[in-house]
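The values are calculated or read from the model by the stated rules, or taken from the named source; none is laboratory data. Not measured: the values here are computed from a predicted model. Every residue, glycine among them, receives a Cβ derived from its backbone with ideal geometry; neighbour counts consider all protein chains shown. These area figures cover heavy atoms from the full protein model, side chains too; ligands, DNA and RNA do not enter into them. Shrake-Rupley method; radii C 1.70, N 1.55, O 1.52, S 1.80 Å.
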Amino acid sequence: MKRFMRVLLVVLLAATGVTLASPADASPYCGIRWGSLTKTDPAMSSAPMTAVRTGRHACYDRLVIDVAGPAGGYTVGYVSQVAAEGSGLAIALRGRAFLQIVVHDPAYDVNTGTATYTPANPKELAKVATYRTFRQVAWGGSFEGYTTIGLGTRARLPFRVFTLDGPGTGSRIVVDVAHRW
């Protein structure tokens, strides 16, 4: 009976010139087709990270990690808890979903061990209270060439990760999280 009713509805709508769009036909939000599965790039670098900053855009919120030289790779994905580098302890984050951002760059000079990034407040790397998607950016530490940042978001939303050259001889690792699906 359900199949008959559906066929009848389609026939009636077609007779009046109306068509039904499937979810696959729907336009994606702002053209975003990123998905929410883990993104990785296995490259390693000894170039140290130097800063973390954020920005708001029309369709997504952005996190940028500055690196003093060529950026290494990354592993970015949703997890039930973000684990701190070295200890593995859970990092408390606001939000309903949590992105663990691991960049393959240290937050220290590999020759001297001197820190190249020391957050003033490890629990709040950036002020994101007015952001649409971000809820909190927290420090997860740097250990053996890997640096972790926890990003609390309002929901599990599509995201992308990429690297950019510059300014100068530096580079950036960028994480964009969409405002919605």
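Can you send over the solvent-accessible area of Glu144, 1.4 Å probe, protein chains only, in Å² to the nearest 10?
Its heavy atoms expose roughly 130 Å² to the probe.
Please compute the contact order of the chain in relative form: average sequence separation of alpha-carbon pairs under 8 Å and at least six residues apart, divided by the residue count, as a percent.
25 percent
Quick one: plug the Kirkwood hydrodynamic radius of the stretch 87-150 (C-alpha pairs) into Stokes-Einstein at 20 °C, 1.002 mPa s, and report D in µm²/s.
After rounding, the answer is 169 µm²/s.
For the chain, what does -39500 (n - 2.57) per DSSP helix run (n ≥ 4), summed and divided by total residues, give at 222 nm, in deg cm²/dmol to the nearest 500?
Working: 1 runs with 14 residues, N = 181.
Estimated from H runs of four or more residues: -2500 deg cm²/dmol.
Report the gain in length on full extension from Ala120 to Leu37: 0.36 nm times residue separation, minus Cα-Cα distance, nm rounded to one decimal.
Numbers: separation 83, 0.36 × 83 = 29.88 nm, distance 3.12 nm.
Using 0.36 nm per residue and subtracting the Cα-Cα distance, I get 26.8 nm.
Find out how many positive minus negative residues lie around Thr163, taking Lys and Arg as positive, Asp and Glu as negative, among other residues whose Cβ is under 11 Å from that of Thr163.
Net of charged neighbours comes to -2.
By how many degrees, between 0 and 90 and to the nearest 10, does the Cα long axis of helix 2-15 differ from the longest principal axis of the chain?
80 degrees
Ordering Asp41, Asp176 by how much accessible area each has at a 1.4 Å probe, largest first, what is the list?
Asp41, Asp176
When the solvent-accessible surface of protein heavy atoms is calculated with a 1.4 angstrom probe, in what order do Ile101, Ile91 fall, highest first?
Ile91, Ile101
Which order do Tyr29, Tyr146 take when ranked by solvent-accessible area (1.4 Å probe, heavy atoms of all protein chains), largest first?
Listed by decreasing accessible area, they come as Tyr146, Tyr29.
Run a plain Debye calculation on the chain (Cα atoms as equal point scatterers, no solvent) and give log10 I(q)/I(0) at q = 0.12, 0.14, 0.15, 0.16 Å⁻¹, rounded to two decimals, same order as the q list.
Relative scattering, expressed as log10 I(q)/I(0), comes to -0.58, -0.73, -0.82, -0.91.
With only alpha-carbon pairs counted, each pair once and no self-pairs, how large is the Kirkwood hydrodynamic radius of the stretch 134-181 in angstroms?
Here the Kirkwood hydrodynamic radius works out to 12.7 Å.
Give me the compactness ratio for the stretch 60-124, meaning the Cα radius of gyration over 2.2 N^0.38 Å.
1.23
Determine the sum of side-chain charges near Asp176: Lys and Arg each +1, Asp and Glu each -1, restricted to other residues whose C-beta is under 10 angstrom from that of Asp176. Before the final figure, lay out the partial values.
On the way: positive: Arg62, Arg160; negative: Asp61.
That works out to +1.
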